[in-house]
1. What pairs can you find where one residue is in region 190-203 and within 18 Å of Arg36 (Cβ to Cβ), the other is more than 9 Å from the ligand (Cβ to nearest atom) and at pLDDT 95 or above, and their Cβ atoms are less than 6 Å apart, with a gap of 6+ or different chains?
2. For Pro342, indicate whether it is surrounded by 19 or more Cβ atoms within 10 Å (Cβ to Cβ) and under 30 Å from Leu32 (Cα atoms).
3. Across region 347-383, which residue is farthest from the ligand (Cβ to nearest atom) among those that are surrounded by 14 or more Cβ atoms within 10 Å (Cβ to Cβ) and among the β-branched types (Val, Ile, Thr)?
4. Any residue that is in contact with a Lys or Arg (Cβ under 6 Å, 6 or more places away or on another chain) and surrounded by 18 or more Cβ atoms within 10 Å (Cβ to Cβ) - is there at least one of those in region 298-314?
5. Filter region 206-223 down to the residues that are without any contact (Cβ under 8 Å) to a residue 60 or more places away in the chain and surrounded by fewer than 21 Cβ atoms within 10 Å (Cβ to Cβ) and list them by number.
6. So Phe92 fits all but one of (1) more than 22 Å from Ala166 (Cβ to Cβ); (2) in contact (Cβ under 8 Å) with a residue 24 or more places away in the chain; what number is the exception?
7. Among the helices (runs of 4 or more DSSP H) lying completely within region 34-127, list those that include at least 3 residues that are surrounded by 18 or more Cβ atoms within 10 Å (Cβ to Cβ).
8. Out of region 128-138, which residues are assigned to a helix (DSSP H, G or I) and near the ligand (Cβ under 9 Å from one of its atoms)?
Amino acid sequence: MDFALSDEETQVRDWVRTFVRKEIAPLEPEVLRRERAHLPGLAADELRELQLKARESGFWGVQTPEEYGGMGLGAVLTALIEAELGRSFVPFRFGGHADNILYYANDEQRERYLLPTIAGERRSCFAISEPGAGSDARAIRATARRDGDDWVINGEKTFITGGNEADFAMVFARTDEGVTCFLADRADGWRSEPIDTMGEWGPAALVFEDVRVPGANVLGEVGKGFDLAMKWIGRGRYLLPARALGACERLVEMAMEHARTRVTFGAPIADRQAIQWMIADSAVEIEALRWLVLHAAWLVDRGADSRHAQSMAKLYGGVKANEIVDRVLQIHGGMGYTRELPVERWYRELRLLRIYEGTDEIQRRTIARNLLKGHARVSGTLG
Ligand SMILES: Cc1cc2nc3c(=O)[nH]c(=O)nc-3n(C[C@H](O)[C@H](O)[C@H](O)COP(=O)(O)OP(=O)(O)OC[C@H]3O[C@@H](n4cnc5c(N)ncnc54)[C@H](O)[C@@H]3O)c2cc1C
């Protein structure tokens, strides 16, 4: 068993670490200042500029196949990258990315949707959730009916990430044949309403009222949309906890720094067992999370069934990241509660991890079902 990183993994990790230190971390005070002024952390052109700077060193389209100009990196490398990016709260992501299900595009859709999305010229959103259908995605009620060569879509979507900015939606609706996925341009007539949330990533409600899309805009096959939706959701449940892993590392480092320097009753609080135990528990949980994430990613790279491992990493990451950020806030005392420090921002952001892309309860349901039906063993993949 080899727990060491390969030379390539070390090089990629180190490059991203340096990029975060030199290009991303210096923006943090400004991102906090903007948050206090209710402004987005990065403007679209600032994000683009950073992405183009990373591209000069080849960091573009981390998981985008090489034939599309990307790096085509595997899951372990991507998890290592996400963990490094997670060490900063600046809302940065590398450019050159398109949703995995857009690769099911036919030739014409490829030119109109996939390639411009990879190039950063168009923005997509993934729209399945509805006011009456979140965890139970099969309960969606949006409909699409045929009218000549077109489809006419009606319904409401909610909590759609990027829905305010997207110029096309991958929207899921009921058809006679089952659920179908459509590529619906904003110009086709759907509209979006921002939803105010605890975090910076404000999603949108999308309204479809007799939105007419051409028959050529079915993504994949009519009636096979639910399979696509599951592929989108399952594309990498290890990615969200990987980012949280980086955040937790940074948070605990901040807590230790504060504990060493904050003196109460004549001694640094780091000398108190109450504080030490919080640091120790957090470090153990971070270590456990690291291996859950990397193990799930390793299974993905081997082409093995990784769903159980990914659910475990997602569940543990969500629960533990929230416990850790709470301890770190506690160690910072009143300062932790202020917007002078990023702790409270992370406290709000990490809360989302327990909800989207499968809540804690849905992950537990999956894990328990796998075990009880014999698809997975408590003894893990080593048997
Ligand atoms: C910021 C944000 C961004 C999002 N982005 C997107 C997006 O881009 N696209 C998209 O389509 N959706 C998106 N979502 C929606 C997200 O996927 C859903 O919110 C999530 O799946 C939970 O669904 P729900 O909110 O309807 O909660 P519900 O499904 O109503 O669940 C409510 C509670 O009941 C629990 N519960 C539900 N069923 C069971 C069960 N069988 N057993 C035990 N407990 C259960 C849940 O775990 C939860 O605690 C986003 C949500 C948020 C908050």
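1. These pairs meet every condition: Met198/Arg348; Gly199/Arg348; Gly199/Glu349; Gly202/Pro194.
2. The answer is yes for Pro342.
3. Ranking the candidates gives Thr381 first.
4. So far as region 298-314 goes, yes, one or more of its residues are in contact with a Lys or Arg (Cβ under 6 Å, 6 or more places away or on another chain) and surrounded by 18 or more Cβ atoms within 10 Å (Cβ to Cβ).
5. Residues satisfying the conditions are Val207, Glu209, Asp210, Glu221, Val222, Gly223.
6. Tallying (1) more than 22 Å from Ala166 (Cβ to Cβ); (2) in contact (Cβ under 8 Å) with a residue 24 or more places away in the chain, Phe92 fails exactly one: (1).
7. 44-56, 75-86
8. Ala137
The values are calculated or read from the model by the stated rules, or taken from the named source; none is laboratory data. Everything numeric in this text was worked out from a predicted model, so none of it was measured. Cβ: placed from backbone, ideal geometry, glycine included. Neighbour counts: every protein chain shown.
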